[in-house]
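Asks: One structure follows; several queries about it will come next.
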Amino acid sequence: MKGTFFDLKRYAVHDGPGIRVTVFFKGCPLHCLWCHNPEGISPEKELMLLPSRCARCGDCLRACRHGVLSQEPDGEVVADHSRCTLCGDCIKACARDAIQIVGWEATIAEIVTEIEKDRSFFDQSGGGVTLTGGEPLLQAEFTEALIDELKLRGVHVALDTSGYAPEETFLRVAGKSDLVLFDLKLMDEGKHKKFTGVSNQLILHNFRVFDSKTQVPVWARFPLIPGVNDDGENLEEMADFLASLKNVKLINILPYHKGGVEKFRRLGRENEFVVFNSPTEENINGVVKFFQDRGFKAKKGG
Amino acid sequence: MNERIKKLREQSLNTSPSITPERARIVTEVYRSPEAQAASFAKQRALVFKALMEKKKIFIDDGELIVGERGPAHKATPTYPEVCCHTLEDLETLNSRPKTSYAVDEETLKIYHEEIIPFWRGRAMRDRIFAQMTPEWKEAYEAGIFTEFMEQRAPGHTVLGDKIYRKGLLDILKDIQESLSQLDFYRDPEALDKKEELEAMAICAEALITYARRHAQLAREMAEKEKDPQRKKELEKIAATCEWVPAYAPRDFWEALQYYWFVHVGVTTEYNTWDSFNPGRLDQHLYPFYKKGLEEGTLTREQAKELLQAFWVKFNNQPAPPKVGVTAEESGTYTDFALINVGGLTPDGRDAVNELSFLILDVIEEMRILQPSSMVQVSAKNPDSLLLRALKIVRTGFGQPSIFNTDAIVQELVRQGKTVEDARRGGASGCVEAGAFGTEAYILTGYFNIPKVFEITLNNGVDPRTGKKIGLETGDPRNFKTFAELLQAFEKQMRYFIDIKIRGNNVIEKLFATYLPAPFLSLFIDDCVAKGKDYHNGGARYNTRYIQGVGLGSITDILSALKYNIYDQKLVTWEEMLEALKKNFVGYEKLRDRLLNKTPKFGNDDDYADELAKIVFDMYFNLIDGRPTVCGGTYRINLLPTTVHVYFGKVTGATPDGRLAGEPLSEGISPVQGMDRKGPTAVIKSEGKLDHIKTGGTLLNMKFTPQLLAEEEGLVKLKDLIRTYFKFMGHHIQFNVVTAETLREAQKHPEKYRDLIVRVAGYSDYFVDCARELQDEIIRRTEHESF
């Protein structure tokens, strides 16, 4: 059995307690317009260009046998992703590592080997592994097996999830982790559909049931996007919802940033990206205070 | 910080360094005297020291609490013509160079021209050294294979233990008498030498008492005239203090600091020792006085802090002695490397952290000055609170304090043969060098340019920069069938140059032991008095000589590039590689891109590269460690660069890791600048694969942006990163906390960033004072940003 990933970051210090390794699963059932890891949306491998590294030498074009790549008049390399077979010839040809395939497959043993490299840091700091994406539960079987293996090895596991998975799957897999980082974006169903592509009913349901049936601590993660979810109504509803739960230990306010735009560009999908306004410091602190005033432990950032 | 300290600090910051001819004149006068000419070398030095202590201009400045200066004014820097006699041209250079300049006035030039140069030319140690070096040594030195620490400065590099807090000089004089009375003129062929040495030490001890009492006298005179009753009282206390110490053991906190300071001035006046001198474990030494003062109600926490701050300013008033030529290149800074140690273990192995450790950290944070430099020693037994407090200062971004692993230092020193108690009394000094404080002479002898030796290997013994054949013919690399053959050739070349360096070292060690003993310093480092032997002649209990290896990251990436691209993947031929290096990659940009971007690099927790680092480390260690020195010491290795990686880079052509000709080499044991791409834990893992315990110090630099450390949580995680490194027995780690953007701004507008202090190597420096290449290099060091 293999999982598909698009990144593995070491010294992750914003995704749960201690020093962590964050494993990014590829593929997500949601399609949030503000997504800052768009390479995590598709479950398929994708060709990614990094123009900032590119020497515009054209080696990749010459190596490609499928006519995927071409150069603009100014030399910038562009890709016709529909023709790409992901053969990797262009990658071998590029001396600058300016062209990559995002997404690789690994077995449990392979991914655990990577994780274990930072074991000493987990032990010292009370850290561990954070499984995120994309959506790890889109590869539920693998995720479950990976959690089992990590638990056997005594590694702390945090599962970062959108909550969008069949109830039974969600309860079974999330229930095995030590901590759930539960993304909560919007309370209004219509808006949720509009901005993420899916209804929030399953998400809220899973959150509620999970909270009532398990003791696993949860950190709610709230991506703050001005004009989308920072209105009083959404905040009030969210606070009421979270107040009805018993295992929510912390609310992380994650300010929107425009980091995603460059990544959409690299994937040749800039047309999918909608630019929002970044929240001001005042904006962020106001929301943090809003939750704190309602008795929650809340903080800016993960 | 109170008004007094603010004023003293400002005054120190605003005073520009200058050269004073005072010391040179006094020294020359003594050497010309018939008395000195008839005396043994040890006595000559004692007479010099005595004259300096009796004749040096003294002054007590407004508001000062700790008194005594090396020069006749703050930052007036003496010269040491008996070690290195500057030419008029040198003095002009010092006066006019853009970085680390020293003002030289007409009067000084005249005195040098008329009195100093005529006497010392050909007689100074520097001249004696160059006269004794072999042609092979000179060629290697000129090629930039190694540097020589003692060509402009005296050996030194030692740190005071707890002796002066237990013994006044009158007690030490008794010890001298005891040693004299035990000399065996019937059987010991060295008895006369020992007698001369011990008598010289006695003259020096008395001279420092005289010097202190001159200050007592001056303070009394000033007190009589003083109108302000508060200052009058202070001057009376200064007078009483200088009357008591260093003759007797100190009785209170103030006396303890003043005693140390007199010794510091004495040591740095006797010679321009490398790494000035250093009180070492200050929180340990002062704690009994601090505790007693608080208990008896004679000292408050505030007073202790004020005294410490006044003490701090004194260090900053003493810029490093002027350096020129290669020495200025390898150590281009005003800082003179006094490294205050905080924390660590007690001699019986317990947690040594006390209230004063934290108070000293407060002082470091508030003073925010270049000198003294500071560090915290962190043992597994020390509390996290100490490390977190230190990191809060690190976060403010002036590069201090650096962080050391006590448990590694103790193991290193014990491996070298010290008792575990002496090891625990030790710490690190200078940049990162481990030493047994109060009992060891651990002298750095010069930097060794490992990548340059490799370059010469690639050119079959020829230095491509000059076309001269200076190395062995170890074969044309195109004929090396395997990577192992390449390594064998490299090892042969390394052995050849290390032998040349050690031969030179041994001659220089003997020259200093013979002509320029250090009877004053010998008073304080055990067992010089007991053995009747000089510090320069193996008098210390432990005698260690280091050759500091430079460019570990670079050489590792060089080997990785060749192994990967030529031997394993066969992507490149030797022909192509050698041609590309010769052309400095012009026309070979694509090859260079591949070398930079698609070749395994050190610092990424990748065994492919990291194993090669281990091979070079072991090679360097095996070629040096354990070899004897002529005066009874042992050679050891450490890995640190100060600023020499910039100079060594300048003399080294393009290298197979994609580095262009003239660019800096990697510094310390850090990965090549910008090549660590897997984040801080991967760097720590790679570094943790080295056997630090076999060294006397390694230097690891990391750069963090302020955002990553803005919150308490970020600091705690950094603390855990360090703790993990120390579990791997890493020796030292230091941080620059500043954005590359800020640094670039500072390059553009230096006038706006005069106060920007960055961590350079084992020390911090003003960014705008660093050479442009060094500035660029600091910017390139990977910024570890959050995500």
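Quick note: the coordinates plus some simple rules give every number you see, no bench work behind them. What you see is a predicted model; the values in this text were computed from it and never measured. Here the Cβ positions follow ideal geometry from the backbone for every residue, glycine too, while neighbour counts run over all protein chains shown.
Asks: Can you list which of the chymotrypsin sites (Phe, Trp or Tyr not before Pro) found in segment B:1-100 are DSSP loop residues with at most 16 other C-beta atoms within 10 Å?
Replies: B:59
Asks: Follow-up question, since we're still on this one. Using only Cα atoms, tell me the angle between helix B:483-515 and the longest principal axis of chain B; keep it within 0 to 90° and round to the nearest 10.
Replies: 20 degrees
Asks: For chain A, what proportion of DSSP beta bridges, expressed in % and rounded to the nearest 5, is antiparallel?
Replies: 35 percent
Asks: Using alpha carbon centroids, what distance separates segment B:15-81 and segment B:541-575, in Å?
Replies: So the separation of the two Cα centres works out to 46 Å.
Asks: Same structure, new question: Which whole-number percent is the relative contact order of segment A:50-184 (Cα, under 8 Å, 6+ apart)? Each step should come with its number before you reach the end.
Replies: Working: 155 pairs, mean separation 22.9, N = 135.
In percent, rounded to a whole number, it is 17.
Asks: If each DSSP helix of 4+ residues adds -39,500 (n - 2.57) and the sum is divided by the residues in chain A, what number results at 222 nm, nearest 500 deg cm²/dmol?
Replies: Calculated at 222 nm, the ellipticity per residue is -9500 deg cm²/dmol.
Asks: Okay, moving on. For each of A:118, A:123, A:89, A:183, count neighbouring Cβ atoms within 10 Å of the residue's Cβ, then give the residues from fewest to most.
Replies: Values: A:118 27, A:123 18, A:89 15, A:183 22.
Neighbour counts put them in this order, fewest first: A:89, A:123, A:183, A:118.
Asks: To the nearest 20 Debye, how big is the dipole of the protein assembly as shown about its Cα centre, given +1 on the beta carbon of each Lys and Arg and -1 on that of each Asp and Glu?
Replies: Once rounded to the nearest 20, the dipole reads 660 debye.
Asks: Can you say what percent of the DSSP beta bridges in the protein assembly as shown, counting only those with both residues inside, are antiparallel? Round to 5.
Replies: 30 percent
Asks: With runs of 4+ DSSP H residues as the only contributors, calculate the mean residue ellipticity of chain B at 222 nm using -39,500 (n - 2.57) per run, divided by the residue total and rounded to the nearest 500.
Replies: Value at 222 nm, helices only: -15000 deg cm²/dmol.
Asks: Give, rounded to the nearest 20 debye, the magnitude of the charge dipole that segment B:447-668 has about its Cα centre when Lys and Arg contribute +1 at Cβ and Asp and Glu contribute -1 at Cβ. Walk me through the numbers on the way to the answer.
Replies: Values: 29 positive and 28 negative charges, 134 e Å.
In debye, rounded to 20, segment B:447-668 gives about 640.
Asks: What relative contact order, as a whole-number percentage, does chain A give when Cα pairs under 8 Å and 6 or more residues apart are counted?
Replies: 20 percent
Asks: Return the sequence-ordered ³J(HN,Hα) values of segment B:98-112 in whole Hz as given by the Karplus equation 6.51 cos²θ - 1.76 cosθ + 1.60 applied to θ = phi - 60°, using x for Gly and Pro.
Replies: x, 10, 6, 8, 10, 5, 10, 8, 4, 4, 4, 4, 5, 4, 4
Asks: Within 10 Å of each candidate Cβ there may be at most 16 other Cβ atoms; applying that plus a DSSP loop requirement, which chymotrypsin sites (Phe, Trp or Tyr not before Pro) in segment A:156-197 survive?
Replies: none
Asks: Can you sort B:312, B:261 by how many other beta carbons sit within 10 Å, fewest first?
Replies: Least crowded to most crowded, the residues run B:261, B:312.
Asks: A follow-up question, please. In degrees, nearest 10, range 0 to 90: what is the angle between the Cα axis of helix A:140-152 and the longest Cα principal axis of chain A?
Replies: Helix A:140-152 sits roughly 70 degrees off the main axis of chain A.
Asks: Tilt of helix A:281-293 relative to the longest C-alpha principal axis of chain A, in degrees (0 to 90, nearest 10)?
Replies: Helix A:281-293 and the main axis of chain A meet at about 30 degrees.
Asks: Please list 3J(HN,Hα) in residue order for segment B:443-451, calculated via the Karplus relation 6.51 cos²θ - 1.76 cosθ + 1.60 where θ = phi - 60°; whole Hz, with x for glycine and proline.
Replies: 9, 7, 10, x, 8, 10, 8, 5, x
Asks: Mind checking which of A:181, A:30, A:50 has the largest fluctuation in a GNM of chain A, springs on alpha carbons under 10 Å?
Replies: Top of the fluctuation ranking is A:50.
Asks: Can you give the % of DSSP beta bridges in chain B that are antiparallel, to the nearest 5?
Replies: Details: 13 of 48 bridges.
Looking only at bridges with both residues in chain B, the antiparallel portion is about 25 percent.
Asks: Assigning unit charges at the beta carbon (Lys, Arg +1; Asp, Glu -1) and nothing else, what dipole magnitude in debye, to the nearest 20, does chain B show about its Cα centre?
Replies: 300 debye
Asks: Got the relative contact order for segment B:114-213 handy, in percent, Cα pairs under 8 Å and 6 or more residues apart?
Replies: Details: 30 pairs, mean separation 18.9, N = 100.
Taking the mean separation of contacting Cα pairs over the length of segment B:114-213, I get 19 percent.
Asks: Now for a separate question. Name the long-range amide H neighbours of residue A:224: under 5 Å, sequence gap of 5 or more, or other chain; modelled H, no Pro or chain starts.
Replies: A:254, A:256
Asks: Here's a follow-up. Would you list A:110, B:777, B:3 from fewest to most Cβ contacts within 10 Å?
Replies: Listing A:110, B:777, B:3 from fewest to most nearby Cβ atoms yields B:3, A:110, B:777.
Asks: To continue, here is another question. Could you give each residue of segment B:724-729 its phi-based ³J(HN,Hα) in whole Hz, using Karplus coefficients 6.51, -1.76, 1.60 with θ = phi - 60°, and x for Gly or Pro?
Replies: My calculation for segment B:724-729 gives 5, 4, 6, 5, 7, 6 Hz in order.
Asks: Okay, moving on. What whole number of Å gives the distance from the Cα centroid of segment B:247-320 to the Cα centroid of segment A:266-288?
Replies: Here the answer is 55 Å between Cα centres.
Asks: Filter the trypsin sites (Lys or Arg not before Pro) in segment B:554-630 to those in DSSP coil with at most 10 other Cβ atoms within 10 Å of their Cβ, and list the result.
Replies: Answer by residue number: B:570.
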